[in-house]
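Inspection log for the structure reproduced underneath, given as structure tokens.
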Amino acid sequence: METVWLTGAEWLAVLRIGLGLWWLESWRHKDKKGWFERGTGIAWAADVAGKHKWPAVKNGFRTVVEPRPKVMAYIVVYAELALGLGLIVGFLTPIALVGGLLLNLLYLILMIHDWAEQGQNAMMALISFVALAAMSWQTWSLDSALGLF
């Protein structure tokens, strides 16, 4: 593949790294004290899920998240950090891409009633899919250096 400046594989690595930076920014701007000590993130999600038009979302939230809000807060916040770091350095990249795709789809479904907020999740999911399908971990990654995948 001929491209300007970088090879096609290098552009895919740039896309993967950019997605990692996006996840890292999502982690960075969160009010961790609010999420961990006051439960603001999960409380917000509970409010959104409680008003959701799909019963499966309401029931799923009540079953999985509501009984363990502190644990879920840590999972969400540190999943975003792990995804960001994994994609930036290219470590366990296919796992990070699938995890990120699933997390973005979960966010997309939770916020299905508010499409104005869904551009970010839709774009991140699309980038995850492209980076996964094109095996973006083959260039500029620890996976490649270590011979993983």
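Details
- Normalising by residue count, the range 41-143 has a Cα convex hull of 97 Å³ per residue.
- Full extension of the chain between Trp44 and Glu66 gives 6.8 nm of extra length, using 0.36 nm per residue less the Cα-Cα distance.
- Mean separation of Cα contacts under 8 Å, 6 or more apart, over the residue count of the range 41-112: relative contact order %: 32
- Nearest 10 degrees, 0 to 90: helix 93-110 Cα axis against the chain principal axis: 30
- Accessible area expressed per residue, the chain, with surrounding protein chains retained (probe 1.4 Å, Å²): 58
- Computed over all pairs of different Cα atoms, the Kirkwood value for the hydrodynamic radius of the range 108-149 is 12.1 Å.
- Separation of the range 110-149 and the range 70-109, taken as the distance between their Cα centroids, equals 10 angstrom.
- Per the Debye calculation on the range 1-96 with a single equal scatterer at every Cα and no solvent contribution, log₁₀ I(q)/I(0) for q = 0.10, 0.16, 0.25 Å⁻¹ amounts to -0.40, -0.77, -1.14.
- Each Cα pair under 8 Å and six or more residues apart adds its separation to the average, and for the chain the resulting relative contact order is 33 percent.
- Qualifying lysines (Cα of each under 18 Å from Cα of Lys30; at least 8 residues distant if same chain): Lys70
- For the chain, carbon and sulfur atoms together expose 70% of the accessible surface, with a 1.4 angstrom probe and every protein chain in place.
- Working from Cα pairs under 8 Å separated by at least six residues, relative contact order for the range 79-149 is 38 percent.
The values are calculated or read from the model by the stated rules, or taken from the named source; none is laboratory data. Remember, predicted model here, so these are calculated numbers, not experimental data. Note: areas computed on protein heavy atoms with side chains; ligands, DNA, RNA excluded. Shrake-Rupley method; radii C 1.70, N 1.55, O 1.52, S 1.80 Å.
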